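Below you'll find the structure I mean.
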Amino acid sequence: FGNAGKNLSKEKRDQILELNLPGINFEEDSLRYYPNGVFASQIIGFAREEEVEKEDGETTKEMIGITGMEKEMNDILKGANGYISYQRDRYNNKLLDPNEVIKQPQDGDNVYLTIDQKIQTIVEDVLTQVEEEYNPERVTAVIMDPETGEVLALGNRPSYNPNNPENVENWYNDVISSPFEPGSTMKMFTWAAAIEEGVYNGDEHFESGSYRANERLNVIHDYNDVGWGSISYDEGFIRSSNVATAKLVWEKLGTEKYLDYLKAFDFDKTTGIDLPGESAGKILYNWPQEKISTGFGQGSIFTPIQLLKASTAIANDGKMVQPFVIKKVVDSSTNKVLEEKETEVVAEPISEETASKVLELLSGAVNNEKGTGTKFQLEDYTAGGKTGTAQIPNPNGGGYLSGRGNYIFSFLGMAPIEDPQLVMYVSVKQPELENDQSGSDPVSFIFKNVMENSLHYLNIETDNEEESEIDSFEMPKIIGSDVKA
């Protein structure tokens, strides 16, 4: 019966048996089954039975990891088959002195991930809701502990069920494999570079709206074209001014010094996260226009995990940590820990003082009424972060796509902002928006639900000064009272 006769459920087998069909027999076989279905599937991946050639030239069937952790840790997980060999006569009978050799099978070792099941469940549920409501081309979300580098949850849409790998729409783990122009989320690193270099004065004013570095370069506009008049550089960050960014890169820092900081934040290399298929972004820095536009996230391309890794320096007092998902490897027979991942500080691109100043700016971008990130405010925690609206290159020609929904809307945020315990990156590509909706709506829905619930789940102390009525309600004294009263 080919594939139609494979992997039958017990219920289906029983139904066929009841028919008493002549010539129909069944064979039991082992099957790799993933009970949680579409759950961290682009991290876990899947394995399937493949024919493998042995040293003696014969072939055997083995479970081989195809994607994700199944592929990355295949040699550790699979173990080794056992066998029995002996001598026999021409009639297939075992000899009295058969020279028997027995090799016991070896179980694979256990691999423990940093993924938190509850936080991952929240991510999966919220991504599914956004997928159903907005029908986006792509959605990504990843949340990490900025002090340790542990990735606590990671999800993409489209995703897939590893039990049905023949129906995969998207093989890529977009968080690590799909670099794109990040848009204004890059501005936090541009401001960090200017502050660290000592060329930044947040109270200094500039004329917003438009800017042209010299007569040979294109005019750069703020997103509302006309700007907000003369404003300070601090306000320029809160309002996400492209003009402020361009002036910082061209006039204050200088493009070569800015490039040094881009490299200090490791934007010129992969993060080295322990997942297969990571792609490196690319700093496009050949022409003056590219050098300026990189400051506000156009031209150069980076992956979400690169942005998240760089943000740990801001959230973690200037120390940038290595992101990872494999927590430890344990011997399945003895429970001995064979390998355990420890936090690794890979660089310190900025000082603690610079990180603190950038956190203040990120808080303003979310909590100041002039900020572009007011939709990302949390109920019980003070969040900070930077929105991004990245243009999408036109696949049919030069330039970029146009239209309300033809952007990658994103947010790179952290909370609680005074001492961030979690950092999170979210992006939604080409959502279908109603007239009363904005690109920030699906992004903020993901961020607020995941961040708020994750912080509560981790028992992080709330820091929002505006307490709810229930928080300030004083319980009456009931000791000694009648229960029936």
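For GLN377, state whether it is open to solvent by 50 Å² or more (accessible area, probe 1.4 Å), modelled with pLDDT of 95 or more, closer than 30 Å to LYS357 by Cβ and under 22 Å from the mean Cα position of the chain (by Cα). Even if it seems obvious, please write down each step before you answer.
Numbers: open to solvent by 50 Å² or more (accessible area, probe 1.4 Å): yes; modelled with pLDDT of 95 or more: yes; closer than 30 Å to LYS357 by Cβ: yes; under 22 Å from the mean Cα position of the chain (by Cα): yes.
It is true that GLN377 is open to solvent by 50 Å² or more (accessible area, probe 1.4 Å), modelled with pLDDT of 95 or more, closer than 30 Å to LYS357 by Cβ and under 22 Å from the mean Cα position of the chain (by Cα).
Under 9 Å between Cβ atoms, at least 6 apart or on separate chains: pull out the pairs that start in the range 292-312 with a residue that is at positive phi and touching a residue at least 12 places away in the same chain (Cβ under 8 Å) and end on any residue that is in a strand (DSSP E or B) and buried (at least 24 other Cβ atoms within 10 Å of the Cβ).
The qualifying pairs are GLY297/GLY388.
Can you go through ALA264, ALA244, ALA213 and tell me which one is free of Cβ contacts under 8 Å to residues at least 60 places away in the same chain and either buried (at least 19 other Cβ atoms within 10 Å of the Cβ) or β-branched (Val, Ile, Thr) (or both)?
Values: ALA264 fails: free of Cβ contacts under 8 Å to residues at least 60 places away in the same chain; ALA213 fails: free of Cβ contacts under 8 Å to residues at least 60 places away in the same chain.
Answer to the selection: ALA244.
Given the structure, is ASP29 part of a helix (DSSP H, G or I), of a type in the set (Asp, Glu) and surrounded by fewer than 13 Cβ atoms within 10 Å (Cβ to Cβ)? Break it down stepwise before answering.
Numbers: part of a helix (DSSP H, G or I): no; of a type in the set (Asp, Glu): yes; surrounded by fewer than 13 Cβ atoms within 10 Å (Cβ to Cβ): yes.
The answer is no for ASP29.
Just need a number here: residues in the range 317-342 that are more than 26 Å from the chain's Cα centre (by Cα), in a loop (DSSP other than H, G, I, E, B) and free of Cβ contacts under 8 Å to residues at least 12 places away in the same chain. Spell out how you get there, then give the answer.
Narrowing the range 317-342 to residues more than 26 Å from the chain's Cα centre (by Cα): 331-338.
Subset that is in a loop (DSSP other than H, G, I, E, B): 331-336.
After this cut, where a residue has to be free of Cβ contacts under 8 Å to residues at least 12 places away in the same chain as well, the list is 334-336.
The number of residues fulfilling the criteria is 3.
Go through (1) closer than 30 Å to ASP145 by Cβ; (2) part of a loop (DSSP other than H, G, I, E, B) and name the single condition ASP260 misses.
The single condition ASP260 does not satisfy is (2).
Which of the residues that make up the range 155-164 are surrounded by fewer than 19 Cβ atoms within 10 Å (Cβ to Cβ) and touching an Asp or Glu at 6+ places or on another chain (Cβ under 7 Å)?
Looking only at the range 155-164, we keep the residues that are surrounded by fewer than 19 Cβ atoms within 10 Å (Cβ to Cβ), and these are 158, 161, 163-164.
Scanning the range 155-164 gives a single hit, PRO158.
Now for a different question. Could you tell me which of the residues ILE417, ILE479 is assigned to a loop (DSSP other than H, G, I, E, B), among the β-branched types (Val, Ile, Thr) and at pLDDT 95 or above? Give the derivation first.
Values: ILE479 fails: at pLDDT 95 or above.
From the options ILE417, ILE479, the qualifying one is ILE417.
The values are calculated or read from the model by the stated rules, or taken from the named source; none is laboratory data. Worth saying up front: this structure is predicted, and the values here are computed from it rather than measured. Here the Cβ is made from the backbone with ideal geometry for all residues, glycine too, and neighbour counts use every protein chain on show. Accessible surface areas use protein heavy atoms only, side chains included; no ligands, DNA or RNA. Shrake-Rupley method; radii C 1.70, N 1.55, O 1.52, S 1.80 Å.
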